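Here is the structure we will look at.
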Amino acid sequence: FFDDAFALALRELVRSSGISRAILARIDVASTPRQLLVLMADWFVEDDLPAIRLFAAQVLAALDAARVVGDLSKRNEFLDALNRIAQRAGTEEDMAELFASGSREVVRVLRADAIAIYLREGEDSAVLAHAFGAPPDVSSILFRVPLDGTNLGVVMREGAPRVWHRDDYPVDRWPLLDRLGQRVLLSVPLAARGDRA
């Protein structure tokens, strides 16, 4: 759970408190160790273990329930946003306005800082159709992006969403990402009439 420095400090804290007994219960969330319940008292005995295990199980059940409710709420928010975008797509004649309103929905739901929509231009490149949250000079630098040898090209070729971290980009792109203030980017291919955009 803890790196060496924190574990050492925690060990020293326990040692200095004068408490000689503790019960630790690992709490897994979605089958992954997430929390550690630590109870310390000199009067703990082996007979206290079943009650502590029961308490840890109750904490786990409460955390799981909260996670499920949170996931459902988020999923409903996503579905509402998609529904609004779909309604606009069916009636909006101005593509620029559709991109703008769709971008606002996506930024709001994902709590993103910026968004860019690229449209494929032939087989070799993609052109920026809409951008929000990026400085104008950065948008102009990224107006046309080659598909060969770029992360955008990978997503277009694979046809599946990808999460990219700063280190996934070539070093010469890092200053640009730093100007955007972004460390994590999500790329999602859009399909239109069977073509990926």
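The values are calculated or read from the model by the stated rules, or taken from the named source; none is laboratory data. Remember, it's a predicted structure, so these values are computed and weren't measured experimentally. Cβ sites come from the backbone with ideal geometry, for glycine too, and all protein chains shown count toward neighbours. These accessible areas exclude ligands, DNA and RNA; they are computed on the full protein's heavy atoms, side chains included. Shrake-Rupley method; radii C 1.70, N 1.55, O 1.52, S 1.80 Å.
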> Where the centroid of each part is defined by its Cα atoms, how far is the range 1-66 from the range 93-136 in Å?
Replying inline: 47 Å
> Ser101: net charge of surrounding residues, Cβ under 9 Å, Lys/Arg +1, Asp/Glu -1, itself excluded?
Replying inline: 0
>> Helix-only mean residue ellipticity at 222 nm, the chain, DSSP H runs n ≥ 4 weighted -39,500 (n - 2.57), per residue, nearest 500. What is it?
In response: -16000 deg cm²/dmol
> Treating the beta-carbon of each Lys and Arg as +1 and of each Asp and Glu as -1, no other charges, what is the dipole magnitude of the range 106-197 about its Cα centre, to the nearest 20 debye?
Replying inline: 380 debye
> Farthest toward the dipole's positive end in the chain, which of Ala7, Ala57, Phe99, given Cβ charges of +1 (Lys, Arg) and -1 (Asp, Glu) about the Cα centre?
Replying inline: Ala57
> Taking 0.36 nm per intervening residue step and subtracting the Cα-Cα distance, what contour gain separates Arg108 from Ala66 on full extension?
Replying inline: 12.9 nm
>> I'd like to know which of Leu72, Ala41, Gly18 lies farthest towards the positive end of the charge dipole of the range 1-74, counting +1 on Cβ of Lys and Arg and -1 on Cβ of Asp and Glu.
In response: Leu72
> So, with +1 on the Cβ of K and R and -1 on the Cβ of D and E, and no other charges, what is the size of the charge dipole of the range 1-106 about its Cα centre, to the nearest 20 debye?
Replying inline: 300 debye
> To the nearest 10 square angstrom, how much accessible area does Ser125 have with a 1.4 angstrom probe?
Replying inline: 20 Å²
> Shape of the chain from its Cα gyration tensor (a ≥ b ≥ c, root eigenvalues): rounded if a/c is under 1.5, otherwise prolate when a/b > b/c, or oblate?
Replying inline: prolate
